[in-house]
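Inspection log for the structure reproduced underneath, given as structure tokens.
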2 protein chains.
Amino acid sequence: MSTDELAGVHPAWLPPRAFRAIAARRVAVHGTGPLADTVREEAVRAGATLAEDAELVFKLTGDRAPLGDEGFAISRAGGVTLVLADAPAGLLHGFFHVVRLGEAAFTGERPVERHVPAMRRRMLDHWDNLDVHPVMGQVERGYSGGSIFWEAGAQRDLARVRAYARLLAATGINAVAINNVNVHRAEAHLLTDRVGEVAAVAAAFRPYGIRVHLSVSFASPVVLGGLPTADPLDPAVRAWWAETTWRVYEAIPDFGGYVVKADSEGQPGPFGYGRSHADGANLLAEALEPFGGVVHWRAFVYNHRQDWRDRSTDRARAAYDHFAPLDGQFRDNAILQVKYGPIDFQTREPISPVIAAMPATNVAVELQVTQEYTGQQRHACYLGPMWSEVLRFPLAGHVTVAGLAEELVAVSNVGDDPYWTGHPLAQANLYAFGRLAWEPSLDPLSILDEWVDLTLGPDVDREALHGILDDSWRTYESYTAPLGVGFMVRPGHHYGPDVDGYEYTPWGTYHFADRDGVGVDRTRATGTGFTGQYPKPWSDVYESVERCPDELLLFFHHVPYGHVLHNGATVIQHIYDTHFAGAERVEEMRRLWDRLDGQVDPALFERVRERLDEQVRSAAEWRDQINTYFHRKSGVPDAKGRRIY
Amino acid sequence: MSTDELAGVHPAWLPPRAFRAIAARRVAVHGTGPLADTVREEAVRAGATLAEDAELVFKLTGDRAPLGDEGFAISRAGGVTLVLADAPAGLLHGFFHVVRLGEAAFTGERPVERHVPAMRRRMLDHWDNLDVHPVMGQVERGYSGGSIFWEAGAQRDLARVRAYARLLAATGINAVAINNVNVHRAEAHLLTDRVGEVAAVAAAFRPYGIRVHLSVSFASPVVLGGLPTADPLDPAVRAWWAETTWRVYEAIPDFGGYVVKADSEGQPGPFGYGRSHADGANLLAEALEPFGGVVHWRAFVYNHRQDWRDRSTDRARAAYDHFAPLDGQFRDNAILQVKYGPIDFQTREPISPVIAAMPATNVAVELQVTQEYTGQQRHACYLGPMWSEVLRFPLAGHVTVAGLAEELVAVSNVGDDPYWTGHPLAQANLYAFGRLAWEPSLDPLSILDEWVDLTLGPDVDREALHGILDDSWRTYESYTAPLGVGFMVRPGHHYGPDVDGYEYTPWGTYHFADRDGVGVDRTRATGTGFTGQYPKPWSDVYESVERCPDELLLFFHHVPYGHVLHNGATVIQHIYDTHFAGAERVEEMRRLWDRLDGQVDPALFERVRERLDEQVRSAAEWRDQINTYFHRKSGVPDAKGRRIY
């Protein structure tokens, strides 16, 4: 481990400055094994001296119960800061906690504080391909350059992956799936003859306690194995997966497992053989079980060849309809990976009812750190507040989404961009995801504060940064699709407005705007019945046009433009008001950033300024298209007489 | 020249059957040179015997005046059919005329009939790239497979090109530009180090009297020559073009010339150097002049980064605004290539006023045989009637478009598909283009008859074929964008409906539909003033909402949905009626085709049936989206109570 920074790559939240409180301290690490070694290396890299009479002591308890595989306890007494853990991974998490605390870790007395992750697995999914895909680029829905793992079909130098592992470990992430869930031909071979490349990546992640997972094609037995079928109940198919998986573990003893997108958007799956998704997931779970691996089976299954004329089909219903009946049929090491909302990572969606519908199934909730629908890292949009709302949402009685989920998974926003994430401020999303996955009750604005402190230092204009980022998700919401209706984006690339772009397509993403009103009737009384998939009280709250929260009104109801919201405005005036206000707010964000001039690295300053210029342009475009669209349709003038084209 | 058919490739309008009347005849060809040789070879290939005492005599007059370079005279007396020409190319055209006549050429007496082409150049532009373009495929706007010239970046075996040359010659085509007007990096090199490939293609076309032209990048002096500028007034640039062109003619002595798309949709051009398009065109014309070559300079110049909020900019105005002031400034061997309509090959557009605005300039009118906006060779859409309307249109007093144009050019619909054109019935468009370019006064339905006779034989159900094709263009118009408004297609690929797809984009293709009405106000009185670009009476006819023809109403006027058309219907009811009728008509076309079962080659039958199935599906999709869109907006119910979604 070199103490040099990776040339040309931004240190993100681990610049040398972040280790200042540890530098020149005496540190003792009691423990053996690679992760304890990593703690020692990190201490030395920070500038500390390894010594027996230490001010900072890392120690294994020899126990196993209270702190678990990854938790730690921190305390300070008699001038010694003590990090205790039951297992070496806990020491490493404790080390990065000390980094976050900075001087506070070495000041006064501290009572014992226990930190145990809420989620057993905190995982990032990379949608990386080995080479550039003609339509999707190399990283599907990636806005940060090429893959950090592969270039032009071949494995890259992994120095950057090692640096990435360190960054992720500092947030609490412990699992990474390294390739696209849409598994193309070349990528399929990572499972077999190219597994050595996966092993090399796993070796880069291993010192930081992060396991590597692999997206695989359900058709692998046919595509790679030459079998005539991939039927999950076929003995030869089961044998092929058992044998193949055994070979993977020969190459990577701590391999995490498989990720599968099956029967979705053209991917193969068990439906092709008349089998259920439980059959499909259990096939892989069975192969992985002897080695302690898991399969992440995505619940993102819907009819993407829907006829827009057919009002009875509702894409929002699909995951529940497919999976709820299968609860209890999945093996223990199969994890159902459910997007947080019923559609697809929109800026505003209700919580997916599937999360409450699978009490006898391991559920991972999937978020999207990459900003596919939230500005594609050209817009500053801090997603911590959104994820916090999702995780705290009491979906089943008092039980929140965080309480219902065994795991938290997200699609990564990282590429080979010098700032890792294209937009430098999008680093905060990656950071916040890891922190919230570890502890969902954290305040997202405090997490943002941590990120600013570590990344940009304690002396920058924090008020300006909070002014830019704190409300940026709600600002983004305000100038894009209104009131939860979603999907008014350009088809294909999903950037910028196109109100009718998906309205008559097979993708099942409609708003049904006409001259009288807008929204999707998903009630049991008169609509698709989607509200009935929720437990009480939500099944009643969402069913009722009076009780439904404003921000989800058009997701659940088709209402006239004159409908009065809880906030007192009509729907049409609310659309105008939020769009004018949102675009203005972005101009304010743009002005606030100028206050950082001279306080941050000039190149970073410029990069953010450029992106904010584009955000100003794009927000005005959104404002004008949305307002014009609804003005042309409704004929209702803006009460405040502002310019609508 | 082999008498075998090209394996796996459909013979189109030159199957052995088409030569039956010539087979076993005694033929004499008096003349020397390669084109006279071709006539002899064709006669032998048809099964004729070369003999002095012939029934069919081809003879050069030794004169030059009355028939010109390509014309011929045909007559029959005393049992001898005589084809006279002033030049060998005329003999070849005469030969194919005899093929078209069949037995009639050898029956009774025939007075002398002169056939001289109306257009001196009858040209096809291929938009072929050397390799597959990530977005556009290999052939831009091609719907018939890959290029017949190149595959995977390398030149193909040219047997197919030779067969293509023969087919084109039989229609009267005498010039082909072989590469995309959007000249990408690899294709630019065809001008210099890869000119040998152009020479090889030229050799394949030469025996059929067809010259090869090349699309070149205006930036060639920079890209290929390493010069610091491509400024048309820079002496080094002029010298580079002179030298480069000299080398091209060294390789291809009968090279036709250059085709240039400049300052258009991202292509470089003279605007970058503050020069006019006359400067740009003359630069190349000057280089070509010593060798008898010409430059085709496209007038397709407009602002494709328009702001939809700016109502003062009108894409329809652009070509006239750019080029009319330059009339008289172009060299004699510069040809201004003008699309027939002011926008872009829509199903229905008014005639481009540029065609009448350049009396001192050589004008080529450009049509689109490839069906980019007319069903992409998945829809049967015979374009002969449309082109005939265009050519016969009296744009300047009594002078028609055919009279104003020196040349006719069209974008080819040919690829390496077994039927040449994807949809077998789209062959008729290629055939008709050549025939109309030779003689614009021909009846397009008679041309269709010729094509059927030659291609499918005299015994097929001609009534069914006419039922399918005669009105197919107007049928296509009826179920797509209404009343001349245009461009309601999916952005990018342009297939299928998307009413608002381009409405808020920078491409300048708007319809301004709101809850009250639809259409673009292009009047002088209240609109963009485009009507003022026309000579009288059209400037007044189009200006007047009362006099404007129904089919162009929404191109020129924004009217309420209740506006009553000349046909007595309101605009909204007309939209409903035409869309229901159009989709029904396609179902009828589909049924008619079944009558051909057993009368044509089974593979061809199946291919057409599949395409008609898709046309039925697509026409219903168009009907329902257009009707639903306007019903949602207008709120006006269908007077006949039919199903609108």
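The values are calculated or read from the model by the stated rules, or taken from the named source; none is laboratory data. Everything quoted here is computed from the prediction, not taken from an experiment. All Cβ positions, glycine included, derive from the backbone under ideal geometry; neighbour counts span all protein chains shown. In case anyone asks, the SASA skips ligands and DNA or RNA and just uses the protein heavy atoms, side chains included. Shrake-Rupley method; radii C 1.70, N 1.55, O 1.52, S 1.80 Å.
Taken together, the criteria place A:L6 among residues that are in contact (Cβ under 8 Å) with a residue 24 or more places away in the chain, within 20 Å of A:G457 (Cα to Cα) and either out of contact with any Cys (no Cβ under 9 Å at 6 or more places or on another chain) or not assigned by TED's automatic domain parsing to the domain that holds A:A428 (or both). Conditions: (1) surrounded by fewer than 23 Cβ atoms within 10 Å (Cβ to Cβ); (2) more than 14 Å from every other protein chain (Cβ to nearest Cβ); (3) within 28 Å of B:E503 (Cα to Cα). A:P506 meets all but one. Number of the miss? Condition (2) is where A:P506 drops out.
Report whether or not A:A299 is surrounded by fewer than 24 Cβ atoms within 10 Å (Cβ to Cβ) and at negative phi. Before you say what the answer is, go through the steps one by one.
Details: surrounded by fewer than 24 Cβ atoms within 10 Å (Cβ to Cβ): no; at negative phi: yes.
No, not satisfied.
Note on the range B:302-329: residues that are crowded, with 19+ Cβ neighbours inside 10 Å and outside any helix (DSSP H, G or I) amount to 3.
Note on the range A:468-482: residues that are in a loop (DSSP other than H, G, I, E, B) and open to solvent by 10 Å² or more (accessible area, probe 1.4 Å) amount to 3. The residue that is farthest from A:A21 (Cα to Cα), among those in the range A:50-101 that are touching a His at 6+ places or on another chain (Cβ under 9 Å) and open to solvent by 40 Å² or more (accessible area, probe 1.4 Å), is A:L60. Could you go through the range B:70-78 and let me know if any residue there is away from every other protein chain (no Cβ under 14 Å), without any contact (Cβ under 8 Å) to a residue 40 or more places away in the chain and within 20 Å of B:E41 (Cβ to Cβ). Looking for residues that are away from every other protein chain (no Cβ under 14 Å), without any contact (Cβ under 8 Å) to a residue 40 or more places away in the chain and within 20 Å of B:E41 (Cβ to Cβ), one finds none in the range B:70-78, hence no. Applying the condition of being closer than 19 Å to B:H10 by Cβ and of a type in the set (D, E) to the range B:439-466 and asking which residue is least open to solvent (accessible area, probe 1.4 Å) yields B:E450.
Within the range A:489-501, one or more residues are touching a Gly at 6+ places or on another chain (Cβ under 6 Å), within 14 Å of another protein chain (Cβ to nearest Cβ) and open to solvent by 30 Å² or more (accessible area, probe 1.4 Å).
Of all residues in the range B:344-361, which are polar (S, T, N, Q) and touching a residue at least 60 places away in the same chain (Cβ under 8 Å)?
B:Q346, B:T347
Has the range A:380-398 got at least one residue that is assigned by TED's automatic domain parsing to the domain that holds A:D125, open to solvent by 10 Å² or more (accessible area, probe 1.4 Å), of a type in the set (S, T, Y) and without any contact (Cβ under 8 Å) to a residue 60 or more places away in the chain? No, that holds for no residue.
What are the residues in the range B:478-488 that are closer than 11 Å to B:W622 by Cβ and either within 12 Å of another protein chain (Cβ to nearest Cβ) or within 19 Å of the chain's Cα centre (by Cα) (or both), if any?
Of all residues in the range B:478-488, those closer than 11 Å to B:W622 by Cβ come to B:478-482, B:488.
Result: B:M488, single match.
I'd like to verify a number: residues in the range A:346-379 that are of a type outside the set (A, V, I, L, M, F, W, C), part of a loop (DSSP other than H, G, I, E, B) and within 18 Å of A:Q427 (Cα to Cα), how many? Full working, then the answer.
The initial filter retains those residues of the range A:346-379 that are of a type outside the set (A, V, I, L, M, F, W, C), namely A:346-350, A:352-353, A:359, A:361-362, A:366, A:368, A:370-379.
Next cut, part of a loop (DSSP other than H, G, I, E, B) only: A:346-350, A:352, A:359, A:361, A:370-379.
Next, only the ones that are within 18 Å of A:Q427 (Cα to Cα) stay: A:370-379.
The qualifying residues number 10.
Does the range A:368-381 contain any residue that is of a type in the set (D, E), at pLDDT 95 or above and in contact with a His (Cβ under 9 Å, 6 or more places away or on another chain)?
Let us first name the residues in the range A:368-381 that are of a type in the set (D, E), namely A:372.
Next, only the ones that are at pLDDT 95 or above stay: A:372.
Retained after the next criterion (residues that are in contact with a His (Cβ under 9 Å, 6 or more places away or on another chain)): A:372.
There is at least one residue in the range A:368-381 that is of a type in the set (D, E), at pLDDT 95 or above and in contact with a His (Cβ under 9 Å, 6 or more places away or on another chain).
The set of residues in the range A:606-645 that are among the polar types (S, T, N, Q) and free of Cβ contacts under 8 Å to residues at least 24 places away in the same chain contains only A:T628.
From the set of residues in the range A:253-271 that are among the small types (G, A, S) and at pLDDT below 95, which is least open to solvent (accessible area, probe 1.4 Å)? Before you say what the answer is, go through the steps one by one.
Within the range A:253-271, the first condition is being among the small types (G, A, S), and the residues that meet it are A:256-257, A:262, A:264, A:266, A:269.
This time we only want the ones that are at pLDDT below 95, so: A:264, A:266.
Working: A:S264: 1, A:G266: 64 Å².
So, considering only residues that are among the small types (G, A, S) and at pLDDT below 95, the one least open to solvent (accessible area, probe 1.4 Å) is A:S264.
Which residue is nearest to B:A281 (Cα to Cα), if the candidates are limited to the range B:330-345 and must be assigned to a strand (DSSP E or B) and out of contact with any His (no Cβ under 6 Å at 6 or more places or on another chain)? Even if it seems obvious, please write down each step before you answer.
Filtering the range B:330-345 for residues assigned to a strand (DSSP E or B) gives B:334-339.
When the remaining residues are screened for being out of contact with any His (no Cβ under 6 Å at 6 or more places or on another chain), the result is B:334, B:336, B:338-339.
Numbers: B:A334: 6, B:L336: 9, B:V338: 14, B:K339: 17 Å.
This residue is B:A334.
Is it the case that the range A:118-137 has a residue that's surrounded by fewer than 22 Cβ atoms within 10 Å (Cβ to Cβ) and farther than 30 Å from A:E197 by Cα? Yes, some residue in the range A:118-137 is surrounded by fewer than 22 Cβ atoms within 10 Å (Cβ to Cβ) and farther than 30 Å from A:E197 by Cα.
Quick grid of which residues meet (1) within 17 Å of A:T229 (Cβ to Cβ); (2) among the hydrophobic types (A, V, I, L, M, F, W, C):
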{"position": "A:P268", "(1), (2)": "yes, no"}
{"position": "A:G274", "(1), (2)": "yes, no"}
{"position": "A:H296", "(1), (2)": "no, no"}
{"position": "A:V301", "(1), (2)": "no, yes"}
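All conditions but one from (1) aliphatic (A, V, I, L, M); (2) modelled with pLDDT under 95; (3) farther than 30 Å from B:I335 by Cβ apply to B:V44; the one that does not is (2).
Tally time: how many residues in the range A:403-415 are open to solvent by 10 Å² or more (accessible area, probe 1.4 Å) and either modelled with pLDDT under 95 or in contact with a Lys or Arg (Cβ under 7 Å, 6 or more places away or on another chain) (or both)? Qualifying residue count, the range A:403-415: 1. The set of residues in the range A:598-645 being surrounded by 15 or more Cβ atoms within 10 Å (Cβ to Cβ), more than 14 Å from every other protein chain (Cβ to nearest Cβ) and either touching a strand residue (DSSP E or B) at 6+ places or on another chain (Cβ under 7 Å) or assigned to a loop (DSSP other than H, G, I, E, B) (or both) consists of A:V600, A:D638. Contact map, the range B:292-306: first residue more than 14 Å from B:G269 (Cβ to Cβ), second residue of a type in the set (A, V, I, L, M, F, W, C) and open to solvent by 20 Å² or more (accessible area, probe 1.4 Å), Cβ cut-off under 8 Å, separation 6 or more or different chains; pairs are B:Q306/B:W507.
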